[in-house]
Amino acid sequence: MNERIERLREKLDEPFLVTEPANVRYLSGFQSTNAALFVEDGAVRLFADFRYAEAGRMVPGVEFVETKRNLLAELAELLSGRVAFEASALTYAGYETLAGGGVDLVPTRGLVEGLRAVKDEEELEAIRGAAAIGDAAFARLAEERFVGRTERELAWRMEQLLHEEGAHGLSFPVVVAAGPTGAAPHAKPGDRTIAPGETVVVDSGAVLDGYCSDCTRTFATGELPEELGRAYGVCLEAQLAGLRAVRAGVSGVDADAAARNVIEEAGFGDAFGHGLGHGIGLVVHEGPVLRRESTDVLEPGNVVSVEPGIYLSGLGGIRIEDLVIVSDDGAEVLTPFTKELVTVD
């Protein structure tokens with residue numbers, strides 16, 4: 001019997017329709033862009049169209065049902081009565097389709113995501129492997145020339161390195177943000193040429209066996225302006241404070257505050273506008289979250305990023321990010337590549 005589905009059943013008051021692809025994969029191992037899992041007492045049905053039928057029939061512990069391409073329209077005919085659904089995954093159009101077929105829909109939030117937040121040992125090993133790939137790629141990137149190359153060129157090179165080190169894919173498109181570009185936390189690499197005397201933020205992650213990693217390091221291309229150099233030291237101090245705070249039983253709010261207080265006391269509070277971190281697993285942003293409005297409390301087996309940043313408009317940006325496993329004793333850091341400021345050519 002699928003232990004994940006059994007844990008889910010304990011949370012259910014009625015049959016449950018799972019449509020979020022990552023949740024379908026987590027519960028059944030089945031990967032598709034057009035599938036649904038229906039969990040009820042004593043039975044689990046997996047629905048997908050012809051393109052995925054061959055793989056679907058091989059999934060153990062489920063009854064596979066081949067559908068037409070319009071999956072929800074067929075489910076509206078096949079399902080009846082009260083059915084719980086994932087409110088964050090089903091579109092309004094999808095809701096209308098199911099309700100129009102007479103299904104009595106009951107919204108739920110976070111049922112499977114709550115299970116996914118605590119990783120088992122197999123998941124942790126995949127994430128450790130993905131993080132090791134990223135770490136090796138960073139070590140190789142640090143030996144490369146930065147100055148004179150465009151952000152886009154360097155991002156492509158990092159992508160190549162991740163694949164050369166064994167990545168099955170990327171957690172997200174590689175971010176390379178040099179000089180003023182780095183003042184935007186989610187900057188996209190462009191055709192700007194990297195110049196001497198500026199910071200270069202590199203944010204990347206590998207996928208291994210379906211699980212993501214995430215790591216950011218900030219490099220210097222020579223001597224930095226005084227304010228930027230000071231900001232790097234403050235950001236590193238804050239990141240280390242965040243790491244010390246991360247352990248089971250600590251709230252996402254308190255973990256965030258441990259790092260944020262350092263940055264605010266140094267006068268850079270307005271330049272740190274995002275949260276300290278987020279959970280990582282089958283997708284690169286999941287629960288729990290470490291930020292001021294978080295309602296999460298850390299548990300053993302959570303995997304989270306710890307990534308404070310300081311962003312100075314017109315000058316540059318700094319972000320330092322580690323990926324960690326939460327335990328009762330603290331945080332197991334999976335991304336040991338140096339956080340001391342590395343100067344590159």
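The values are calculated or read from the model by the stated rules, or taken from the named source; none is laboratory data. Every value quoted in this text rests on a predicted model; they were computed, and no experiment measured them. Every residue, glycine as well, gets a Cβ built from its backbone with ideal geometry; the counts of neighbours run over all protein chains shown. Note: accessible area is taken over every heavy atom of the protein model, side chains too, but ligands, DNA and RNA are not part of it. Shrake-Rupley method; radii C 1.70, N 1.55, O 1.52, S 1.80 Å.
Brief remarks on what is shown
- ARG128 being closer than 30 Å to VAL200 by Cα, of a type outside the set (A, V, I, L, M) and surrounded by fewer than 14 Cβ atoms within 10 Å (Cβ to Cβ): no
- Which numbered condition GLN239 fails, given (1) closer than 15 Å to ALA331 by Cα; (2) in a strand (DSSP E or B): (2)
- Neighbours by Cβ (under 6 Å, 6+ apart or cross-chain): first from region 67-85, among the charged types (D, E, K, R); second open to solvent by less than 40 Å² (accessible area, probe 1.4 Å) and assigned to a helix (DSSP H, G or I): LYS68/GLU74
- Subset of region 31-44 that is part of a loop (DSSP other than H, G, I, E, B) and in contact with a helix residue (DSSP H, G or I) (Cβ under 6 Å, 6 or more places away or on another chain) - its residue that is most open to solvent (accessible area, probe 1.4 Å): GLN31
- Subset tally (residues that are on the phi > 0 side of the Ramachandran plot and open to solvent by less than 50 Å² (accessible area, probe 1.4 Å)) for region 100-120: 1
- Yes/no for ALA259 being open to solvent by less than 20 Å² (accessible area, probe 1.4 Å), on the phi < 0 side of the Ramachandran plot and not in a helix (DSSP H, G or I): no
- Restricting region 282-301 to residues that are open to solvent by less than 20 Å² (accessible area, probe 1.4 Å) and not in a loop (DSSP other than H, G, I, E, B), the residue that is farthest from ARG116 (Cα to Cα): LEU290
- Residue list for region 302-332, restricted to those being open to solvent by less than 10 Å² (accessible area, probe 1.4 Å), farther than 15 Å from THR199 by Cβ and not in a strand (DSSP E or B): ASN302
- Qualifying positions in region 82-98 - outside any strand (DSSP E or B) and open to solvent by 40 Å² or more (accessible area, probe 1.4 Å): SER88, THR91, TYR92, ALA93, TYR95, GLU96, THR97
- The set of residues in region 298-322 being of a type in the set (A, V, I, L, M) and over 21 Å from ILE127 (Cα atoms) consists of ILE310, LEU312, LEU315, ILE318.
- Search result, residues across region 108-139 that are within 18 Å of LEU323 (Cβ to Cβ) and free of Cβ contacts under 8 Å to residues at least 40 places away in the same chain: GLU121, GLU122, GLU125, ALA136
- Note on region 45-72: among residues that are in a loop (DSSP other than H, G, I, E, B) and either charged (D, E, K, R) or under 20 Å from PHE85 (Cα atoms) (or both), the one that is least open to solvent (accessible area, probe 1.4 Å) is VAL62.
- Test: residue in region 286-307 that is modelled with pLDDT of 95 or more and touching a Cys at 6+ places or on another chain (Cβ under 7 Å): no
- Out of THR150, THR193, sole residue that is touching an Asp or Glu at 6+ places or on another chain (Cβ under 7 Å) and either touching a residue at least 60 places away in the same chain (Cβ under 8 Å) or of a type in the set (S, T, N, Q) (or both): THR150
- Restricted to region 207-218, and to residues there that are in contact with a His (Cβ under 8 Å, 6 or more places away or on another chain) and assigned to a strand (DSSP E or B), the residue that is surrounded by the most Cβ atoms within 10 Å (Cβ to Cβ) is LEU208.
- Residue within region 272-281 that is in a helix (DSSP H, G or I), modelled with pLDDT of 95 or more, of a type in the set (Gly, Ala, Ser) and open to solvent by less than 10 Å² (accessible area, probe 1.4 Å) present: no
- Those residues of region 290-329 which are out of contact with any Leu (no Cβ under 8 Å at 6 or more places or on another chain) and on the phi > 0 side of the Ramachandran plot, in sequence order: GLY314
- Region 20-30 - residue that is open to solvent by 30 Å² or more (accessible area, probe 1.4 Å) and in contact (Cβ under 8 Å) with a residue 60 or more places away in the chain and, of those, farthest from GLY287 (Cα to Cα): ARG25
- Total residues in region 232-269 satisfying the condition of being farther than 23 Å from VAL118 by Cα and in contact with a Ser or Thr (Cβ under 9 Å, 6 or more places away or on another chain): the figure is 2.
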